[in-house]
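What follows is a short report on a single structure.
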Amino acid sequence: PQAATMRLNQNILLLGKKVVLVPYTPEHVPRYHEWMKSEELRRLTASEPLTLEQEYVMQCSWQEDADKCTFIVLDAEKWQAQLGTSEESCMVGDVNLFLTDLGDPTLGEIEVMIAEPSCRGQGLGTEAVLVMMSYGVTKLGLTKFEAKIGQGNEPSMQLFRKLHFEQVAVSSVFQEVTLRLTMSERERQWLLEQTSHVEEKPYRAGESERC
């Protein structure tokens, strides 16, 4: 059942004020691959350099993986102004949820990347995380979130602290900080209020079935 749960998002689109979250499909791979040529982004996301071919394989495995839920983040303004144009031209980053603790299916590790430098610092990452957390709470039954952030990544730490995450661990080996948020009833209500404007729409059916 968990596999089916994590793949729930392959046919839906989540429309916010600043961002649109869509499933990661082969159409998005070339732009994503361009982003990951950046040494800085690879360092911040602890990613290995991949060839374009490897990136397509990775996209496919992520789509099939029972432990991951991935959305590509689009700029909502651009997307709505250019209906009919390629999503690739509206891409700004991605947001992911991972089920990392086999013993606790209610814990999700969340990460966000705003890869387009011109789109940083405008609240897109914040809304993407809020929408993803709301999705995790309402659709995946998550009650706890963790974010692992490189020690030098101050903007990311500020983003998660603003969303009520608190530091729970520091790893000098991995040079990363773990922040955590447990969803009390009060936190849950706050989260649902923050995302009450989000609309769920059907994504182009079958688009993400091309593996």
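The values are calculated or read from the model by the stated rules, or taken from the named source; none is laboratory data. Computed from a predicted model, the values in this text were never measured in an experiment. Neighbour counts run over all protein chains shown; Cβ positions are idealised from the backbone, glycine included. Side chains are part of the model used for accessible areas, which takes the heavy atoms of the whole protein and leaves out ligands, DNA and RNA. Shrake-Rupley method; radii C 1.70, N 1.55, O 1.52, S 1.80 Å.
Contact annotation: residue pairs with Cβ atoms under 6 Å, 6 or more positions apart or on different chains, pairing a residue in segment 40-62 that is closer than 13 Å to His28 by Cα and at pLDDT 85 or above with a partner that is part of a helix (DSSP H, G or I) and not hydroxyl-bearing (Ser, Thr, Tyr), are Leu52/His33; Glu55/Val29; Glu55/His33; Tyr56/Val29; Gln59/Val29.
Checking segment 10-28 against the condition returns no match, with no residue being farther than 23 Å from Ala147 by Cβ, without any contact (Cβ under 8 Å) to a residue 60 or more places away in the chain, touching a helix residue (DSSP H, G or I) at 6+ places or on another chain (Cβ under 8 Å) and part of a helix (DSSP H, G or I).
Inclusion of Ser86 among residues that are without any contact (Cβ under 8 Å) to a residue 40 or more places away in the chain and either farther than 22 Å from Ser38 by Cα or in contact with an Asp or Glu (Cβ under 9 Å, 6 or more places away or on another chain) (or both) is not warranted. Restricting the first member to segment 188-211 and to residues that are at pLDDT 75 or above and surrounded by 15 or more Cβ atoms within 10 Å (Cβ to Cβ), and the second to residues that are aliphatic (A, V, I, L, M) and in a loop (DSSP other than H, G, I, E, B), the beta-carbon pairs closer than 8 Å and six or more apart or on different chains are Leu191/Met183.
The helices (runs of 4 or more DSSP H) falling completely within segment 30-148 that include 2 or more residues that are of a type in the set (Val, Ile, Thr) map to 124-139. Can you report the number of residues in segment 152-175 which are touching a residue at least 24 places away in the same chain (Cβ under 8 Å), touching a helix residue (DSSP H, G or I) at 6+ places or on another chain (Cβ under 9 Å) and either open to solvent by 80 Å² or more (accessible area, probe 1.4 Å) or on the phi < 0 side of the Ramachandran plot (or both)? Residues that pass the stated criteria total 7.
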